[in-house]
Amino acid sequence: AGMVAVGRKIGFTNPVAWPGMELNTPVWGYVYRTTVFDTTAGATHHDLTGALQPKIEPEIMFGLKSGVIGTGNPVAALQSVEWIALGYEIVSCPYPEWKFKGVDAVSAFGLHRALYVGPKRMITANDDLADIVARLGSLTAKIYKNDVLVGEGGGNIVLGNPAQALAALAIVVANQPQFAPLAAGEIISSGTLTPPPAIVSGDRIRAEVVGFDLAPVEVAL
């Protein structure tokens, strides 16, 4: 054991991919104390030694202050959120050319290697949660590798909205009584905002969003 879960990652949040994966819902996996890093605490480098076909996904991260009620409503889901951040998930895949079914991803540890959380944007009593949901859905994202634009996307490809992905996760987990429900203190990574570029040691990655007040994040590989 020794693996202490500190949150969850949501995968396959672009429904376009589901038929080929034999999925009809997103999947999720745990993230762990040993795999989650805070860029504001100086974690700006990741060693890819041993990583299989690694890729990097810019994602909206949510920090929970309470459990999420599984109504499927994104505004209600945000009532459980303490902060929002832009970050990355680094994923690694043992299957040749990234060809696999959804069930294989679960058995491969959710393809998870590491999560990097950028500066946190706190949710306050003055925030209009419906407005935040709207902006999360309409924000655009860009990812750069060695100062070259390698991917574009936005919140709309994450189940239509990263807050909707959080709301959907609550329902999925509620229907899996063998797993603990979402709880205060968890970090939830909501799904990639862009097609994820392949990465190699020596790459420098930067992601940024327009349309929501989240600081860009960088990592060196």
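Structure summary
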quantity: Of the criteria (1) at pLDDT below 95; (2) under 15 Å from the mean Cα position of the chain (by Cα); (3) buried (at least 18 other Cβ atoms within 10 Å of the Cβ), which one Val173 fails; calculated: (2)
quantity: Residues of the stretch 47-58 satisfying the condition of being touching a Pro at 6+ places or on another chain (Cβ under 9 Å) and either closer than 13 Å to Val217 by Cβ or touching a residue at least 60 places away in the same chain (Cβ under 8 Å) (or both); calculated: Leu48, Gln53, Lys55, Ile56, Glu57, Pro58
quantity: Strands (runs of 3 or more DSSP E) within the stretch 117-221 that include 3 or more residues among the aliphatic types (A, V, I, L, M); calculated: 148-154, 204-210, 217-220
quantity: Extreme residue, surrounded by the fewest Cβ atoms within 10 Å (Cβ to Cβ), among residues of the stretch 176-211 that are under 23 Å from Trp28 (Cα atoms) and polar (S, T, N, Q); calculated: Gln178
quantity: The stretch 191-218, residues that are at pLDDT 95 or above and touching a helix residue (DSSP H, G or I) at 6+ places or on another chain (Cβ under 7 Å); calculated: Leu193, Gly211, Phe212, Val217
quantity: Flag for Ala114 being outside any helix (DSSP H, G or I), at pLDDT below 95 and in contact with an Asp or Glu (Cβ under 8 Å, 6 or more places away or on another chain); calculated: yes
quantity: Check on Ile90, surrounded by fewer than 23 Cβ atoms within 10 Å (Cβ to Cβ) and either at pLDDT below 95 or in a loop (DSSP other than H, G, I, E, B) (or both); calculated: no
quantity: Condition met for Val4 (aliphatic (A, V, I, L, M), modelled with pLDDT under 95 and crowded, with 20+ Cβ neighbours inside 10 Å); calculated: no
quantity: The stretch 18-49 - residue that is exposed (fewer than 13 other Cβ atoms within 10 Å of the Cβ) and either in contact with a helix residue (DSSP H, G or I) (Cβ under 7 Å, 6 or more places away or on another chain) or over 22 Å from Val117 (Cα atoms) (or both) and, of those, modelled with the highest pLDDT; calculated: Asn24
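The values are calculated or read from the model by the stated rules, or taken from the named source; none is laboratory data. On a predicted model such as this, the values are computed, not experimentally measured, just so you know. Using ideal geometry, Cβ is built from the backbone for each residue, glycine included, and neighbour counts are taken over all protein chains shown.
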